[in-house]
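Engineer: Below you will find the structure I want to go over with you.
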Amino acid sequence: MNYKITALISAITESFFNLTLDIAVNRINKYRVLLYTSIISGFFQIIYSLFIGINFSIASIPIIIIYGVCVLIGYVAFVKAIQYLPADLVVLIGTGQMFVVFLIDSIFGNIKLTPTFVMLFILFVVSVIWFIIETNKIKSKIYFKNIKLIGVVFALITVLISSVTPYIIKLASNMGANEIAINLGYYVIAIPFFFIMVKGIKEKAQTEDNSYKNKFVLLIVLIGILESIYYPLYTFSYTGGSAFIVTVVTELRIFLLVILSAIFKTDKINWQKAIAMLMGIAAVTGLCLL
């Protein structure tokens, strides 16, 4: 399958994944959510392996482990970010990955750094700052979240992690590992970690919404299925395609997530935030056209 198509499907699936995860982790103990969804998704990875196979070499194992640790850190940081910020804002900040990847590829001579890129980057940064300021102004209207700017720090950690993982995936692939082996490397690390967190840590600040505890199984299964679709396609896309092109395609998830956030009312949108979001989308679109 063409890696651009898999990247697009991954982006669409990730939008629904992010929205559902946002609802779950802000109303239910987050480590229980992450543990059970990882088990479900990991199970599907094993099912996929029966048809696709698990290919890896001894040399690729350390790279797979590094990938698993990086994804775990990035995932936990993302979850912390969406506990303090609206998911669409976190994803908007996350589109900064595209600029980092563009910069890395330009350093290695794959892409030429131009004044247009610099202008688009400035536009993007301004849009994010404006969106953050406006979100902070109306944080009292976002009822189910304790809006804190520390969420920006967690979102930036996610950006840094997601900017290097494409190259780790590519390296593991070049050493003989396929997308299933790479993903299973993550679950081998993540599931024990989440299990330890569930058993050993009490989340003092988080109280569970009883109305959502009744929907716990449905949310867990839905998130697990979405994750089981999103992760393999995401990994496959980077094993077969250019890091920058795949990143550009996957960042289109911001369009859908903004719409979903408005429909499901997981964020409060005013005209200032709408303009800031449009500026950010314009910057991302402009980079797509470079």
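No lab work stands behind these numbers, since they all come straight from the coordinates. Keep in mind that this is a model prediction, so the values were computed, not measured. A quick note on method: Cβ atoms are made from the backbone with ideal geometry, for glycine too, and the neighbour counts reach across all protein chains shown.
Engineer: Using amide H atoms built in the peptide plane, which far-off residues or other-chain residues are under 5 Å from Ala177 H to H?
Structural biologist: Ser57
Engineer: Hey, fewest Cβ within 10 Å first, where do Leu113, Leu219 land in order? Working shown, then result.
Structural biologist: Numbers: Leu113 12, Leu219 21.
By the 10 Å Cβ count, ascending, the order reads Leu113, Leu219.
Engineer: Treat every Asp and Glu Cβ in the chain as -1 and every Lys and Arg Cβ as +1, leave all other atoms uncharged, and give the resulting dipole magnitude about the Cα centre to the nearest 20 debye.
Structural biologist: Values: 21 positive and 12 negative charges, 166 e Å.
I would put it at about 800 debye.
Engineer: On to the next question. Defining a contact as two alpha carbons under 8 Å apart and six or more residues distant in sequence, what relative contact order in percent does the range 39-179 show?
Structural biologist: On the way: 115 pairs, mean separation 70.8, N = 141.
Rounded, it is 50 percent for the range 39-179.
Engineer: For a Förster distance of 30 Å, can you work out the FRET efficiency between the beta-carbons of Lys148 and Ala59, rounded to the nearest 0.05?
Structural biologist: Details: r = 43 Å, r/R0 = 1.43.
Between Lys148 and Ala59 the formula returns 0.10.
Engineer: Follow-up. Determine, for Ser237, Ser163, Ser10, the number of other Cβ atoms within 10 Å of each Cβ, and report the residues in order from fewest to most.
Structural biologist: Details: Ser237 30, Ser163 22, Ser10 26.
Ordered from fewest to most neighbouring Cβ atoms within 10 Å, Ser237, Ser163, Ser10 come out as Ser163, Ser10, Ser237.
Engineer: In the structure shown, do any of Lys148/Lys215; Lys30/Lys137; Lys137/Lys199; Lys199/Lys273; Lys30/Lys148; Lys112/Lys148 have a Cα-Cα gap over 29 Å, and if so which? Don't skip to the answer; put the middle values down first.
Structural biologist: Details: Lys148/Lys215 27 Å; Lys30/Lys137 26 Å; Lys137/Lys199 37 Å; Lys199/Lys273 40 Å; Lys30/Lys148 18 Å; Lys112/Lys148 37 Å.
Check vs 29 Å cut-off fails for Lys137/Lys199; Lys199/Lys273; Lys112/Lys148.
Engineer: Over the chain, what is the relative contact order in whole percent, taking alpha-carbon pairs under 8 Å and six or more residues apart? Walk me through the numbers on the way to the answer.
Structural biologist: Working: 389 pairs, mean separation 129.7, N = 290.
Relative contact order for the chain comes out at 45 percent.
Engineer: Here is a follow-up. If you take all C-alpha pairs in the range 89-135, what percent of them are over 16 Å apart?
Structural biologist: So the portion of pairs separated by more than 16 Å is 42 percent.
Engineer: Give the label of the value calculated from the structure for percent of Cα pairs over 22 Å apart, choosing from [x] 63; [y] 57; [z] 68.
Structural biologist: Looking at percent of Cα pairs over 22 Å apart for this model, the match is [y].
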